[in-house]
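The values are calculated or read from the model by the stated rules, or taken from the named source; none is laboratory data. Since the model is a prediction, treat every value here as computed from it, not as a measurement. Heads up, the Cβs are rebuilt from the backbone with ideal geometry, glycines too, and the neighbour counts pull from every protein chain shown. Please note that ligands, DNA and RNA were not included when accessible areas were found on the heavy atoms of the full protein model with its side chains. Shrake-Rupley method; radii C 1.70, N 1.55, O 1.52, S 1.80 Å.
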There are 2 protein chains.
Amino acid sequence: MSEARLKSALAQQASKTLNTLTTEQKNEALLLMADALITEQASILDANMADLQRGRQNGTSESLLDRIALTESRIAGIAEGLRQIVELPDPVGLIQESFDRPNGLRIEKISVPLGVIGIIYEARPNVTVDAAGLCLKTGNAVVLRGGSAALSSNSRIVEVLREALSRSALPADSLQLIEDPSRASVDEMLKLNGLLDVIIPRGGASLIRNVVENATVPVIETGAGICHTFVDESADPSMASDIAFNAKVQRPSVCNSMETLLVHERFAREHLAAIADRMQAAKVELRGCEATRALIPNAKQATNEDYATEYNDYILNIKVVGTLDEAIAHIGEYGTKHSECIVTENPSHASRFLQAIDAAAVYHNASTRFTDGFEFGFGAEIGISTQKLHARGPMGLPALTSTKYRVYGSGQIRG
Amino acid sequence: MSEARLKSALAQQASKTLNTLTTEQKNEALLLMADALITEQASILDANMADLQRGRQNGTSESLLDRIALTESRIAGIAEGLRQIVELPDPVGLIQESFDRPNGLRIEKISVPLGVIGIIYEARPNVTVDAAGLCLKTGNAVVLRGGSAALSSNSRIVEVLREALSRSALPADSLQLIEDPSRASVDEMLKLNGLLDVIIPRGGASLIRNVVENATVPVIETGAGICHTFVDESADPSMASDIAFNAKVQRPSVCNSMETLLVHERFAREHLAAIADRMQAAKVELRGCEATRALIPNAKQATNEDYATEYNDYILNIKVVGTLDEAIAHIGEYGTKHSECIVTENPSHASRFLQAIDAAAVYHNASTRFTDGFEFGFGAEIGISTQKLHARGPMGLPALTSTKYRVYGSGQIRG
């Protein structure tokens, strides 16, 4: 039996126990896990050093190495993340609906764990701990398949966490790490129907596309974000500049940052140059349509391919539009249904934009950077769903549950 | 462009209008559709006759022909189904949550249509109308791909319904029928990411498996049901007999009927023979384990393959078990997570069964046949989900919606 199948089967078996545990038992396990990360940090840092050395030998980029790197303070932050999950309400066992039928049947809809969650992700070892914590808190077993660049770190972290679990009411097998670094182990996970209940990919566009295209296990798609800010004719100039600047520059590498600024032509004539100056002063490369380049001569020409690209970088497309409808149509064509913003003082334009745009989160006069579990007040998130089934937007703990109908009778049969 | 892609693109376009309509506009369209089915019934019956004649020439089974066959009274029933959908509350536009963040952002979670729903189904032409009604009521466009055996009926019905839509506020393109009877049109639908938001298969196990294994569009899996009834030691004998008989015999062809009866050995010794007699008197073929055959000598030997088969027929497996845990383990191995029942007078056994069994609906002292949208009080259903994501169990109108976060700011940016 392959590693992926074996470990998923062990996780499936463990999930039957997880399903019966109390919130207190789960929280206790999370606290033991947090403590163990601190107690065992020396060995985790050693393992992380091995990843970093191997990465340097292989010519891994400095930015990727930085994402892999752990320090005492990063480990402390990761452990603190687990303790924050303890504080979140447990969504499992909640009776969502309860009703009586005329024939005397009482029906309850109760939230239950999903079962076994597969997480396929890239380099950052903090995802290993976050994902484990969120899944276990919701009574789910978890099968992790992290990127090979952080394999030593992830292996040691999971060893430490499983050892902590073995001192708790949760089976150590609730947490599994697939260590086979080959693509074959991912391909196999994608088809483990019956052992995995859902797969959540976390990472770049190509990782997510591979999962969506090849999985037969149900998937929650996350992450890809080509987000727009539309600055309407009536926008407050200083608010528009602040929101656009924040959406682009505050952290360009993340999915809810802005890739394309749409500007109403009348606003553009008076105020676009100032916004462009501010962007360029922050080293943002500008790519514009013809009308933009007429106003900002040093912007490059934007192509349709640019509009369809998630840069996650200091690059911004700018397009001047004649109407609200033109902005809505552009977003309909190039958006990824993640986060979209209108800056306007016109309430009916705001209302129409928020209604017509099909996205997980639509904003009036606020930066798209707020699409985030913590910013929404949900606490840690397992990802940001960009699909429409099951969960949409930042996924807090309830997104990791399913439901079950419990039906109580006294001998009812169907006539 | 292929028929499937073209019609899905038209549906996607129409969904942008649907999304903006009021409940009244949608209800008016449904009523026009219901009226049109009655007004145009002669031509629908003619088309249906063509299907039946072609079926007879091709040697189609009488039971399938019966499922395809329409009559005036069946058409009246189908039209009445649309009128009932009008009466159901519209789940779209419901503000599910609304909260303010410390930074002044107001966040609303609002229910929205899924967008475009693809339905792949088999013979019965009533599904064409039901599915159209449920999808349109929830503001979704719908792309139907019915079985070729009912193609003439479905084509005429959709023509009639689209003509009715053209007299309503809803675009006629909200409703599409793929008429290409080849497997290629199904295969293509399964990959139309970006045009279809979800695919719901309705039909037999092989149709559903094909969709689940090959779709890259998100799927809601429905229908396969290997359902069990466990009669515990303490069960009331007459209640147990009534529930088991109802679960098997009331309508064996449907997914929530019972395939395997599990019986505690002490109950079996005294009461299994009487239940078996009642089943056999109703022409149910019995297949049993060794212990069953010791009590009911004319039962055939049940194999593991039998336990894994959804008969949808007058055949029943019987297995004698020594403990509640053995029953739970059998269901864990062979169940399809649809509907499972325990008959017992022991409350702690009931509670343990309802907790441990992982299924859409778990019953104490009532027939599994109640897993049904109407029986649960939801009204017409688009199917019974046997997966854990998005919707589980009977899917009423809310299962055909997604959500969107609307965020209202006054210039907030992220620090």
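Things to note:
- Hey, A:Ala4 part of a helix (DSSP H, G or I), open to solvent by less than 10 Å² (accessible area, probe 1.4 Å), in contact with an Asp or Glu (Cβ under 9 Å, 6 or more places away or on another chain) and more than 28 Å from A:Gly93 (Cα to Cα) or not: yes
- Of the listed requirements (1) under 29 Å from B:Pro394 (Cβ atoms); (2) not in a loop (DSSP other than H, G, I, E, B), B:Gln280 misses just one: (1).
- Close pairs from segment A:383-399: first within 10 Å of another protein chain (Cβ to nearest Cβ) and under 19 Å from A:Gly203 (Cβ atoms), partner open to solvent by 10 Å² or more (accessible area, probe 1.4 Å) and among the polar types (S, T, N, Q), Cβ under 8 Å, at least 6 apart: A:Gly393/B:Thr403
- Selected residue (only one of B:Glu213, B:Glu326 is surrounded by fewer than 18 Cβ atoms within 10 Å (Cβ to Cβ) and assigned by TED's automatic domain parsing to the domain that holds B:Leu192): B:Glu213
- Segment B:366-382, subset acidic (Asp, Glu) and at the interface with another protein chain (Cβ under 10 Å from one of its Cβ atoms), residue farthest from B:Pro218 (Cα to Cα): B:Glu375
- Evaluated against (1) surrounded by 12 or more Cβ atoms within 10 Å (Cβ to Cβ); (2) in a helix (DSSP H, G or I), B:Ala42 falls short on exactly one condition, (1).
- Which numbered condition A:Val92 misses (of (1) open to solvent by less than 20 Å² (accessible area, probe 1.4 Å); (2) closer than 19 Å to A:Gly396 by Cα; (3) modelled with pLDDT of 95 or more): (1)
- Unique residue being more than 12 Å from chain B (Cβ to nearest Cβ), touching a strand residue (DSSP E or B) at 6+ places or on another chain (Cβ under 6 Å), more than 30 Å from B:Thr386 (Cβ to Cβ) and among the aromatic types (Phe, Trp, Tyr) when the list is A:Tyr311, A:Tyr363: A:Tyr311
- Taken together, A:Leu165, A:Leu136, A:Leu161, A:Leu170 contain a single residue that is away from every other protein chain (no Cβ under 14 Å), open to solvent by less than 10 Å² (accessible area, probe 1.4 Å), at pLDDT 95 or above and not in a helix (DSSP H, G or I), which is A:Leu170.
- Qualifying residue in segment A:199-210 (condition: facing chain B (nearest Cβ under 10 Å), out of contact with any Leu (no Cβ under 9 Å at 6 or more places or on another chain) and either open to solvent by 50 Å² or more (accessible area, probe 1.4 Å) or in contact (Cβ under 8 Å) with a residue 40 or more places away in the chain (or both)): yes
- Selected residue (criterion: farthest from A:Asn19 (Cα to Cα)) from residues of segment A:61-75 that are open to solvent by 40 Å² or more (accessible area, probe 1.4 Å) and touching a residue at least 24 places away in the same chain (Cβ under 8 Å): A:Leu64
- Lone unmet requirement of (1) open to solvent by 20 Å² or more (accessible area, probe 1.4 Å); (2) at pLDDT 95 or above for B:Asp313: (2)
- Conditions (1) open to solvent by 20 Å² or more (accessible area, probe 1.4 Å); (2) in contact (Cβ under 8 Å) with a residue 40 or more places away in the chain: number failed by B:Ala276: (1)
- Scanning segment B:343-374 for residues that are modelled with pLDDT under 95 and open to solvent by less than 10 Å² (accessible area, probe 1.4 Å) turns up just one, B:Gly373.
- Sole residue being modelled with pLDDT of 95 or more and either in contact with a Pro (Cβ under 6 Å, 6 or more places away or on another chain) or farther than 28 Å from B:Asp358 by Cβ (or both), chosen from B:Glu259, B:Glu340, B:Glu305, B:Glu285: B:Glu285
- Residues satisfying the stated conditions in segment A:213-228, i.e. within 11 Å of chain B (Cβ to nearest Cβ), in contact with a strand residue (DSSP E or B) (Cβ under 6 Å, 6 or more places away or on another chain) and under 30 Å from A:Ile342 (Cα atoms): A:Ile220
- When residues of segment A:12-37 are limited to those that are within 14 Å of chain B (Cβ to nearest Cβ) and buried (at least 20 other Cβ atoms within 10 Å of the Cβ), the one farthest from A:Gly139 (Cα to Cα): A:Gln12
- Look at (1) in contact (Cβ under 8 Å) with a residue 40 or more places away in the chain; (2) open to solvent by 20 Å² or more (accessible area, probe 1.4 Å); (3) within 13 Å of chain B (Cβ to nearest Cβ) and you find that A:Ala244 fails only one, number (2).
- The residue that is most open to solvent (accessible area, probe 1.4 Å), among those in segment B:76-89 that are in contact with a helix residue (DSSP H, G or I) (Cβ under 6 Å, 6 or more places away or on another chain) and under 17 Å from B:Arg156 (Cβ atoms), is B:Ile78.
- The residues of segment A:49-75 that are outside any helix (DSSP H, G or I) and closer than 24 Å to A:Asp130 by Cα, listed by number, are A:Ala69, A:Leu70, A:Thr71.
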